[in-house]
Amino acid sequence: MTKNRILICTFLALSSGFFGAYTSGQITIMLHSQKCQNQPWGLKEMCNAWMTPGAIWQGSTTGLWTGTILGAFVGGVVTRKIRY
């Protein structure tokens, strides 16, 4: 288990980081697109096109950092040696 500890922690950190980036990006897009709801149809589409890249960048960056840190922590807790 000790030899695989780094591999397991790395895999958990990366996979939870990518999952967090995707999830957080989607949530941030939904929150930012609410600012465009009161516009007429053409302006609404332009507003959504303007807001989406910044929302994806902000949300996925935050989710990537948070997911990676939490995944590494969980991986370390799961693979630690039990001492009595």
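The values are calculated or read from the model by the stated rules, or taken from the named source; none is laboratory data. As the structure is a computational prediction, the values presented were derived from the model and not from experiment. Please note: Cβ atoms are built from the backbone with ideal geometry, for glycine as well, and neighbour counts cover all protein chains shown. Heavy atoms of the whole protein, side chains included, go into the accessibility calculation; ligands, DNA and RNA do not. Shrake-Rupley method; radii C 1.70, N 1.55, O 1.52, S 1.80 Å.
What number goes with the only condition from (1) farther than 30 Å from Ile8 by Cβ; (2) open to solvent by 90 Å² or more (accessible area, probe 1.4 Å) that Gly54 does not pass? The single condition Gly54 does not satisfy is (2). Among residues of region 28-48 being part of a helix (DSSP H, G or I) and touching a helix residue (DSSP H, G or I) at 6+ places or on another chain (Cβ under 6 Å), the one that is farthest from Gly76 (Cα to Cα) is Lys44.
Yes/no per residue for (1) free of Cβ contacts under 8 Å to residues at least 40 places away in the same chain; (2) over 9 Å from the mean Cα position of the chain (by Cα):
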{"position": "Gly17", "(1), (2)": "no, no"}
{"position": "Gly20", "(1), (2)": "no, no"}
{"position": "Ile29", "(1), (2)": "yes, yes"}
{"position": "Gln39", "(1), (2)": "yes, yes"}
{"position": "Thr52", "(1), (2)": "yes, yes"}
{"position": "Gly63", "(1), (2)": "no, no"}
{"position": "Leu70", "(1), (2)": "no, yes"}
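Answer yes or no: is there a residue in region 67-75 that is part of a helix (DSSP H, G or I) and surrounded by fewer than 12 Cβ atoms within 10 Å (Cβ to Cβ). Scanning region 67-75, I find no residue that is part of a helix (DSSP H, G or I) and surrounded by fewer than 12 Cβ atoms within 10 Å (Cβ to Cβ), so the answer is no. For region 43-61, give me each residue that is over 22 Å from Phe19 (Cβ atoms) and of a type in the set (S, T, N, Q). Passing the criteria: only Asn48.
Restricted to region 19-51, and to residues there that are small (Gly, Ala, Ser) and farther than 28 Å from Ile69 by Cβ, the residue that is surrounded by the most Cβ atoms within 10 Å (Cβ to Cβ) is Ala49.
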